[in-house]
Each structure stands twice: as structure tokens, then as C-alpha cells.
Amino acid sequence: MIQKLHSNWKMRNCSGGNFLPAMVPGSVYADLLKNGAMEDPFWRDNEDKAFALLEHDFEYESTFRVDPDLLSCDAILLRCEGLDTLADICINEKPVGTADNMHRIWEFDVKDSLITDGENTIKILFHSPIQFVKEAYKNVRTDGSSQCLDGFPQIRKAHCMFGWDWGPRLPDAGIWRDIELVGIKGARIDNVYITQKHKQDSVDLHIQVTGWAPGNGKAALFTFPVPASKYVTYKVAVKDPSGKVITYGNAPAAITIHEPKLWWPNGYGEQPLYTVSVTLLAGGEEVDQWERRIGLRTLTIHREKDEWGESFAHEVNGVQVFAMGADYIPEDNILSRVTKERTRNLLEQCVAAHYNAIRVWGGGYYPDDFFYDACDELGLLVWQDFMFACAVYNLTEAFDRTIRAEITDNVRRLRHHASLAIWCGNNENEGFVGHGLWVSDPKQKADYIKMFEYIIPQLVKEYDPETFYWPSSPSSGGNFDDPNGENRGDAHYWDVWHGNKPFSDYRNHFFRYISEFGFQSFPALKTVESFTLPEDRNIFSYIMERHQRNESANGKIMSYLYQTFLYPTDFDTLLYASQLLQAEAIRYGVEHNRRNRGRCMGTIYWQLNDCWPVASWASVDYCGRWKALHYYAKRFFAPVMISCQEEGILTQDPNANAQPRSIRKSFKLSVTNETRTEKILTVQWEIRNAAAQILKSTSVMITVNALSSVWFPELEIPELNENDEYLSFRAIENGELLSEGTVIFSLPRYFHFIEPNLRASVDGDTITIEADSYAKSVEIQNENQDMILSDNYFDMNAGKKTLKIISGKAEGLKVRSVFNIR
């Protein structure tokens, strides 16, 4: 049985101060905020004050009475699902254990420490993580991401709590997940591992149960079948998606599911889930139960030599899936704010934008069970990094022990999830270490190989051999062998942004699977207002720079702005223009990758979300507001998508003074069908003038096979006036518009837009937009900038476009387009 220890907690700063009421699960920052003992760390530069608080130790204390039913148990454990991070635990002034890893589950035998007929006191002392890494760095130099505190790799704590190029330095502490007493009577389930063997019309579930039972005066681990013993056994119940339950007794090693309903990623099929319950019996009495939901599917990474090198694709139920999604970081620096409802909402926004995959980045933490439950239900394939990123590590005996326990805990916790697609050793360490970055002695390079190419893959092989393991992201397979190569494995590409290359440079590369690429923008004005005063609202102000953690990034945004748009003359228009830059940059990359389906089989952009209000690569900002990029994603991740590879000023010579100036103008349309059914489509395109009047048009029928991409012939259009005329195009199925777009062959700053006189009218949950001429990147915002629409930041020809309001109120509507960037 279980007794939660979530009540009666108080906490204090060990350097002085009174005890304050505390919430568990929770954290130091969360409790100080609730008690009015600190200011909002996200407001202006309050981060500095909050950081200074964690230079001190903090103590948590509670009292409890032991549930009488627990006292009859053979053993009582204190189970700590999450302690952040360096903790000493005492019960009734007796030390019962220590912790040094926020990513682990900690259990301590406490039966002999408990008062059985009175009140017990539990105290947990959390040592300052800041002081720890300072001292650790003095003793052993371990380096990593330059935005972090020196020494951060030496503590098993979310790296990004020490800073990142999108996050603050707020290294919180506390009891961040459940803490409870666990009574063991007779025996206990240690874990259950279910593997699947798929046949033509059935699936065999192989069930491996391990547990603990008394033996020779102490608990002993056993694995079924238990030799020469009928004292311990188990039964299995399976509830299918319709609710029908079948129970199997006598410790079955395998059971068969007939006429199975298969689980598919979003866009490829449904996500039916089966509930499997394993009940442990000791001496005929039910003593423990394990219950999880699983999806019936096969899932691996397909790697095969081909004309371009070696493929790298998720393969689900024998179908190679083109992965579309973004990289996920912690949703908040204060983890107690990350709730089931908040996470579910964020992941639903992913599905709304047609994601089928999400990558959990290795510099944060392993998300809660509810994250993976939602991914199972929504059909989001999870690329799961282990929590190592942009650093070198000192593999001591103690560090070895704690990471082994961490990997084991999390693999066993997550391995049953239908959405779990891949285990990945780390984020970017192979490439950096291979090039000698941060490496201060040869041992650190050797330790990399030991950790990510021996220890971790061996643990994955032992505890979850059914799931594919990949040593690093990016990687070509390990051994420092061209880790960011284009022709094998996955790649991170940053020449657009960090390398200052134009958006069109994506088209010069043919990655097999790109798991990181990104471009920054500012959040919406209302989000900026949440951390600034009016006098701060200039992107080069001190406060705006404090909420911009990538060095020189604001200047980089302005550089790309100069290359693309006219100069915005007010702050809000600059924010809007920055979001269009971001969206256009990622659109160029995604559309190129999708047009080359087969050669490329994954396009995961950086990043989905923020952990605080900040200028960043996110497509959904900290306040949950969709940036332009997320609406673009809804279009460029659409199951059937039409796109255009154009030749014009951007792809050739943007220099207005170049002589002689001869720009080749052409376009090549492509339709990508990421569904499992053939599509018969009507494809239409027109050359139009700036008033949106049609100068030339074509309409053709085309068949696009399932899971394929089709190119149209390239068409030269030398007669087109690039500053006054543009291309519009669309794909239609049985009269339904599936996908559309426009292309200009000039630059937006040169194009002669005509005032479109945008108007918005509201009828219930419908908004109608009217334009008198061509309008590019039309933005509709309500007063609070929190409305989510069926479409936004879209191009439109003269006429009307009707949208649905998904959430928010259509109050104080404002509409603008690229014409207004001036």
C-alpha cells in the first residue's frame, strides 16, 4: 500500500529566516513566490535576485502519522520520485539516505526509523547547486555550453537550469515529484516488461515480471517463472479499446491478442490503446499491481544503403514515416507549474499543426508520465534524448553509478509507451567532443565513448531491447565518424541563422533526417509586456537583451530583416516582422525536405516552446501564444502539401546595384502526399499582378501515390516583372482546397505591394477577411493577442477568406500584412 507524504510541509532558508508553508510536490522558487518572499524571477532582470537565493541551502520539514495498515507490512520504503538535487534525508532525526540526481527515483528502507504510535518528522536538506558546481569546477575542469555556469556537467540536474541560449540561470531545488511511504507485504512487483510479436491476424504479448519477496531474512529479487515455488504468482488482465476485459491466470509468460487494433502516428491511422494490468499474488493474496496502457505496433528506425548513402526513417507497422515536428524543452523553469493540463494543451497544439513527432531535448529533464500518455493518445512519436547535452563529463565511479541508475529508472518507466520511438544518448556531444571542444584532457574523450557507446547502449539493450538506440544527435552512428554528415543518420543544420546564410541555402543540402534547425523571433507584444516596462520596449534595451540569451541575436534578426523587409518604424511592427522572418526561414527548410521525401525522412525544427518569456526559436511562446511559425507549420506539415521551388532574386543576387543584373526567373511546383492513400488532385497556378488580377493561368489533374512526392516540370518565366507580379498556386481534391501558397520572385522590400485595405467581420465563431489586392502574411490579432484561428499569417489574393475561431474572443481585432512593414 502507499501513503502520500504531501501534507504539512514547511521550508526555510538555512542561512536565516523563518519557516514558510510549502507545497509538495513543488520547489524552493515556487514556495517563495507563493509566500511573497521573492519577486517574479521572469520580470525584467529579477533573475539575478532569484539566482542569488540558491547560493544558500534550504530545508524542508513535515510531520506525519503512519497509516496503521502500513505497520503490518514486512517492509516500509520511503519512495522519492524526484529530489532536486543534492539532498540529505532524515526521519525522526535519523539519517535514512542521500540523493544526488534529480533524474532518479530514490527508495530508502525506513521501517526501523518510524515511530509507529505517534507523530513522525521528516527533514530534507537541499544543498546549494550553485556552490556545488563552483567547488566541483575548481577540483576538476568539466566544460560545456558557454551560457551555463562553469561545472554544470558535474551535477545530475537539468542542464538548462544553469542557463542556455534561450533560458535563464535559475537552478531551483526541492521535492519536485511525489514522495510517499510504500508498504510491502509478502512480495512486490519490481517491474513489468511487455514485448510484442506481430503475426498476420494476432499479436503475442510476452510478459516479463520481476519482483521482490522475503528470503533469508531480506528481500530478494526474483524473475518469473519462480523456481520451485507456488507462493508467488500473478495474473494478467487486458482491456481492449472497446472496454472488453479478458483475464489470464497462472502467471502467463505470453498471451495472444486476436484481431489487434494497431497504433499509428498522427496522420497515418488511429491510436487505440490496450490497458494491461498485472496483479501479484503472494500466498493467494493480492499484494501489488502494475497497470499501464500500451499500443500494438512495431516501431524501429529503418536504415538501408541506397544511392545517396544510408536511409534513416521511423518505421511503424512496416511503413516508413516522414517525421514532422519540433524539439521540446522544459515548459517552465519552475517545474511545479508544468501540469498535466498545460502539457496536454501544448501537445494538442502540436497535433493542430499536423505534427507526428516530437523530440525531447537532452538538456532538460525526463518529462512526467502524463507527457508520454498524451503522446500515446495523440499519435506523437517521441525521440527521447537521455539528459546529456553540450558538455563533457568526468566519469568517476560515483558518476558511473548514478547515471546507470538514472538510465535504468527512466528506461523502465517509459519503455511501455506506444509513442516511444527512439532512445538517443545525448544532444550534440559527439560532434563537439569529436572536434575537441570543451575537452581538457584525453580521459574526457574516452569517457564519452564509455558512456554513450558502451554503458548506456548496454543498459538499453538489457532493459528495452525492442527500442532503437542512437548514440547522439546529430550522429552518423557513432565513433566520431562524420557525426553531422548529410548522407547518414540525423543532422543539425545552423548555417541559416548562426552562419548568416540566406533562407534558400537549405536547398543546397539533402539531409537524411534533420533533427534541429531554427531561426529566432520575438514573442507577441502582450508577451513582451509581461516582463517589461514601456521604457524597456526597444530590442536593444538592457531588459530586452536580458530576455535574449543568444549572443548578438537581436542584431542578427535585424541583419536578416534588412535583407528581407522595409525597416519597421514602430516596436510592435518589428515584432511582427521578426516572426515572419522566422516562419519564412523554417518554411524554406521544411518544404525543401518534404519535396525530397525518400531521401529525407524527418524534419524536426528547433524549437516548439519556451520555459520563460523570451526572444527565441519557439513557435509557441511561453504564454501559449502561437507565433507566425506555428501557423506556417500547420500549412507546411499538412498531410497533402503543395509547394514551390522558385528561382529569383533571393536565390541568385539580392544586390540591387549589381551590374549587369540578370535574374533567371522560374518555378517548379511539387505536391507531397504523406497519407496512406492515393490522391487525385487538381493543381492550379496563376501569374498575377500586385492587384491580384490574373495574367496567366493553368489547371492540371495529377495522381500522387501514397507516401510520395511528385515534382512538376520547371517553368521559365523571363517575362515576369519580379517587382510587380507574383505566382499563386493550390491543390484541390474533389472541390476541397487542401493546400495553397504564393511566391514572389523579388524581395518583400522591393515588391510593389498595393494597399490591400484589409477588413475583418465577425459572425459567431467565424471571421471573414476581405482584401482589395494581393496581401502577404496577413495577421489577425485580438486585443489580448491570445486568439487561435484555423489559419493566420497567410497569403491571400484579392477577395474573401473565411476562418474559424478555435479559442479566444474576437474583441478589438487588428489586421495587417507585409504592406504595413514600413
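The values are calculated or read from the model by the stated rules, or taken from the named source; none is laboratory data. No experiment lies behind these values; they were computed from the predicted model shown. Note that we place each Cβ from the backbone using ideal geometry, even for glycine, and neighbour counts take in every protein chain shown. Ligands, DNA and RNA are excluded from the accessible area calculation, which covers all protein heavy atoms including side chains. Shrake-Rupley method; radii C 1.70, N 1.55, O 1.52, S 1.80 Å.
Observations
- Listed residue (Val496, Pro613, Ser699) projecting farthest to the positive dipole end of the chain, Cβ model: Ser699
- Cleavage-rule hits (GluC sites (Glu not before Pro)) in the range 1-96: DSSP loop, at most 14 neighbouring Cβ within 10 angstrom: Glu39, Glu55, Glu93
- Excluding ligands, DNA and RNA, the accessible surface per residue across the range 504-643 is 25 Å² with a 1.4 Å probe.
- Think of the range 81-209 as a dipole: +1 on every Lys or Arg Cβ, -1 on every Asp or Glu Cβ, centred on the Cα centre; then among Leu86, Cys148, Pro171, Cys148 lies furthest on the positive end.
- Proximal lysines relative to Lys443, as straight alpha-carbon distance under 28 Å, when same-chain residues fewer than 8 apart are discounted: Lys134, Lys138, Lys157, Lys461
- Converting phi to 3J(HN,Hα) with the Karplus coefficients 6.51, -1.76 and 1.60 and the offset θ = phi - 60°, the range 513-525 yields 6, 9, 9, 7, 6, x, 7, 7, 8, 8, x, 5, 4 Hz in sequence order, with x at every glycine or proline.
- Å² of accessible area per residue within the range 94-206, as computed with a 1.4 Å probe and no ligands counted: 37
- Protein heavy-atom accessible surface, 1.4 Å probe, per residue over the range 753-798: 35 Å².
- Here the Karplus curve 6.51 cos²θ - 1.76 cosθ + 1.60, taken at θ = phi - 60°, turns the phi angles of the range 154-166 into couplings of 8, 10, 7, 9, 3, 4, 5, 5, 9, x, 7, 7, 8 Hz, with x standing for Gly and Pro.
- Per-residue ³J(HN,Hα) for the range 561-573, Karplus 6.51 cos²θ - 1.76 cosθ + 1.60, θ = phi - 60°, Hz, x for Gly and Pro: 4, 4, 6, 10, 10, 5, 6, x, 9, 9, 4, 5, 5
- Candidate aspartates and glutamates - alpha carbon under 14 Å from Lys235, same-chain residues fewer than 8 apart omitted: Glu285, Glu286, Asp288, Glu291
- Accessible carbon and sulfur surface of the range 1-110 relative to its total accessible area, %, 1.4 Å: 48
- Efficiency of FRET from Cβ geometry, Glu341 and Leu71, R₀ 51 Å, rounded to 0.05: 0.90
- Counting charges near Val382 (Lys, Arg +1; Asp, Glu -1) among other residues having Cβ under 12 Å from its Cβ returns a value of -2.
- Sum of side-chain charges, Pro260 neighbourhood, beta-carbon under 15 Å (Lys, Arg +1; Asp, Glu -1): +2
- Among Pro129, Phe224, Val411 - extreme Cα towards positive end, dipole of the chain, charges at beta-carbon: Phe224
- The chain - charge dipole about Cα centre, Lys and Arg +1 at Cβ, Asp and Glu -1, debye rounded to 20: 900
- Surface share of carbon and sulfur [accessible, 1.4 angstrom probe, percent] for the range 479-524: 42
- Summing charges over all other residues whose Cβ lies under 12 Å from the Cβ of Leu737, with Lys and Arg as +1 and Asp and Glu as -1, gives -1.
- Carbon + sulfur, % of accessible area of the range 283-409 - ligands and nucleic acids excluded, 1.4 Å: 43
- For the listed residue pairs Lys776/Lys801; Lys665/Lys800; Lys634/Lys801; Lys49/Lys556, the alpha carbons are over 20 angstrom apart in Lys665/Lys800; Lys49/Lys556.
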